[in-house]
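Worksheet for the structure shown next.
The values are calculated or read from the model by the stated rules, or taken from the named source; none is laboratory data. Not measured: the values here are computed from a predicted model. Ideal geometry is used to build each Cβ from the backbone, glycine not excepted, and the neighbour counts take in all protein chains shown.
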Amino acid sequence: METEREFRAHHIICTALYEGKGYSGAFCENMTAVVTRLRENPDERLRLVARPDLICADCPNHGADDSCTQNHNRVVNKDRRVIEVFGLKENGIYTYRELCEAALAALAPEFFMENCGTCEWRAQGLCKYEDLTARLAETAQSAGA
């Protein structure tokens, strides 16, 4: 029996809008592979976590002790807030499609700004609320739904 891959909660938002840009070449290669797989297989089962996941493996902010070196590991709080607002359970098993559906149902502009307001990708114009909701809806309604 295959074990579900771990998937960090705030990455629901990041993967929806990912366009091939990131921290480094290795990070982008890994993120592109993960996002491509999720978009092609939105019914893949994932374990929702508030700790480093398959995307964090090549992130330059991934500390040796599995912490995030950026903002004193506050990303864990961001993950738990996403879990709470989207009505999900930490360590719960969901498909990527279900995670996108939950995000779409619960996401409000105020929470987007709370969660993403200081993110460097939003500041660079790579992440907008309207684009996020459109991409989440696209994934939720993709073939097989």
For segment 77-93, state whether one or more residues are surrounded by fewer than 20 Cβ atoms within 10 Å (Cβ to Cβ), under 20 Å from Cys116 (Cβ atoms) and modelled with pLDDT under 85.
no
Taking the conditions exactly as written (basic (Lys, Arg), buried (at least 17 other Cβ atoms within 10 Å of the Cβ) and either at pLDDT 80 or above or within 20 Å of Arg39 (Cβ to Cβ) (or both)), does Arg135 satisfy them or not?
yes
Looking at segment 46-76, which of its residues are modelled with pLDDT of 80 or more and of a type in the set (Lys, Arg)?
Arg47, Arg51
Within segment 88-104, which residues are within 13 Å of Arg135 (Cα to Cα) and of a type in the set (Ser, Thr, Tyr)?
Tyr96
Across segment 124-145, the tally of residues that are assigned to a helix (DSSP H, G or I), among the hydrophobic types (A, V, I, L, M, F, W, C) and more than 15 Å from Glu44 (Cα to Cα) stands at 4
